[in-house]
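Data first, discussion second: the structure below is written as C-alpha cells.
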C-alpha cells in the first residue's frame, strides 16, 4: 500500500447540486467540488461540515467523482445530529468539505479479476472502484461485484443480463449502474429482499470463488468495505482461497487529517504490530495486516 500523505487534501465550499432521498432513510448527495473531484480516488473520503451550527465534521466515502464536470457523490444514512442536519440540505446551498483524504485501493494489474464486496454504506467506495476499473484503458480489469444490505438498496435494480462464470445461477438481480458499465453484480440480504441471495454477502462471494479453478483464482484480488464483522469475514474468505484482500475500514473520526490519532487501529507490519491512523494511513489496508490468522474477535 502507498504511504499516508496529505498532499491531496484541499478545503472547498461545495455547492449542493442534487440531494436524493431513497427508501429506508438513505440519501445520495451530489456536490460541486472541482478540486476534490480532480484528486479523488476509490477509497478516499471527504470530511464534511453538515451544518454551520455543528462544528464536528463527518467522514463520508466518495461514491463517484467526475473530474471533468467537477462533482462528487456520497451516500449516507442519517444517524445522529450531524447527518440528520445534512439530510435537510437543499440544492444551491454550500457545505464546507475537506478532501479527498486517505489512501485508496491499489488495483493490481497482475491480478485483474477484482471481486468487490460491499455491505450497506460500505458499498460507495466499491461503486467508485468499479467505475475506475471499467475506465482504465491501460489494463484489462475484470470486476465483479457482490453487495449486501438488510434494507432496500438505494440504487436502480434490474434483472441482470450478464452471466457469472461461477457461483449461484439465481437470483440475478443486479445494480443497474453496474449493468450499464458491463460489470456483473449480485446482491445478498438476510432480510429476505426480493431478488437477493438469502444470506451474508461473503457467503455469496464464497459460492462464486468455490466455482473458480486454481488458474483463475491466481488472478483474483478481493476489495471490500463494510461493517467490521463483514470485513473480518472478507479477510477470512481471502485467506481461505489464498487470494489477497484490500479492506477499506470505517472508523469514527474527529479531525480526519491525522492530527488527533483518534481513529487508530492495530495492524501487523514487517517490523511487528503498530498503530495506524485510518484517515491518512488508510482507510485501505491489506486484509492480512488488519485481521491476521487467529486474530481475536472484538
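List of remarks:
- The chain: most fluctuating residue of 60, 164, 178 per GNM, C-alpha cutoff 10 Å: 164
- Residue of 254, 205, 174 that the Gaussian network model of the chain assigns the largest fluctuation, springs spanning Cα pairs under 10 Å: 254
- Ordering of 230-243, 120-133, 142-155 by packing [mean C-beta count within 10 Å, highest first]: 120-133, 142-155, 230-243
- Helix-only arithmetic for the chain: the sum of -39500 (n - 2.57) across DSSP H runs with n ≥ 4, divided by the residue total, places the mean residue ellipticity at 222 nm at -5500 deg cm²/dmol.
- For a modelled paramagnetic label at residue 163, 7 Å from Cα along Cα-to-Cβ, the residues of the range 209-245 in reach, with backbone nitrogen under 20 Å, are 209-214, 216-217.
- Cα-based shape type of the range 113-248, given that a ≥ b ≥ c are square roots of the gyration tensor eigenvalues and the cut on a/c is 1.5: rounded
- Net length gained if the chain between residue 239 and residue 142 were fully extended (0.36 nm per residue, minus Cα distance): 32.8 nm
Since every read-out is calculated from the coordinates, none of them should be taken as a lab result. These numbers come from a predicted model, not from an experiment. We place every Cβ from the backbone using ideal geometry, glycine too, and count neighbours over all the protein chains shown.
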